[in-house]
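The values are calculated or read from the model by the stated rules, or taken from the named source; none is laboratory data. What you see is a predicted model; the values in this text were computed from it and never measured. A quick note on method: Cβ atoms are made from the backbone with ideal geometry, for glycine too, and the neighbour counts reach across all protein chains shown.
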Amino acid sequence: MAVMVEIHFPVTADDEWIDDVGDFLIDLEDELRLEEVEDGEEVGDEYVFFIAGANERTLLKAASRVATREGVPSGAYAMVTVTDAAKVGMGRRVSLPVR
């Protein structure tokens, strides 16, 4: 069991930003030595990305960079959880900066 951060975004009609975030996470994997543990997925009215492989501070730094990226919908937040959580959205909610 390892710490994981879920990055939650509201679902929007325009979903072009999703691929951009996925590509950006690949860049962050190299830069911050973290990993996207699962592909992003739509969960209810949110789109969620999953990152792990680093300490909580580094993962939240990455989540903040993703949330302030140009073109992503506002209203993102993070959930600090563990890689073997029973379901998405369980953990401690952390507000992320807005652009």
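A few remarks follow.
- Only listed residue being under 12 Å from the mean Cα position of the chain (by Cα) and at pLDDT below 95, chosen from E46, E6, E38, E16: E38
- Residue satisfying all of: in the range 72-93; surrounded by fewer than 16 Cβ atoms within 10 Å (Cβ to Cβ) and among the hydrophobic types (A, V, I, L, M, F, W, C); nearest to D30 (Cα to Cα) among these: V82
- Candidates in the range 19-30 are the residues that are more than 10 Å from the chain's Cα centre (by Cα) and within 21 Å of V88 (Cβ to Cβ); of these, the one that is surrounded by the fewest Cβ atoms within 10 Å (Cβ to Cβ) is D19.
- Looking at the chain, the strands (runs of 3 or more DSSP E) lying wholly inside it that each contain 2 or more residues that are of a type outside the set (K, R), in contact with a Pro (Cβ under 9 Å, 6 or more places away or on another chain) and touching a residue at least 12 places away in the same chain (Cβ under 8 Å) sit at 3-10, 46-52.
- Within the range 31-71, the set of residues being surrounded by 14 or more Cβ atoms within 10 Å (Cβ to Cβ), within 15 Å of I18 (Cβ to Cβ) and out of contact with any helix residue (DSSP H, G or I) (no Cβ under 8 Å at 6 or more places or on another chain) comprises E38, V43, E46, V48, F50, A67.
- Only one entry in A54, A85, A63, A78 is of a type outside the set (D, E, K, R), farther than 15 Å from D15 by Cβ and in contact with a Ser or Thr (Cβ under 9 Å, 6 or more places away or on another chain), namely A78.
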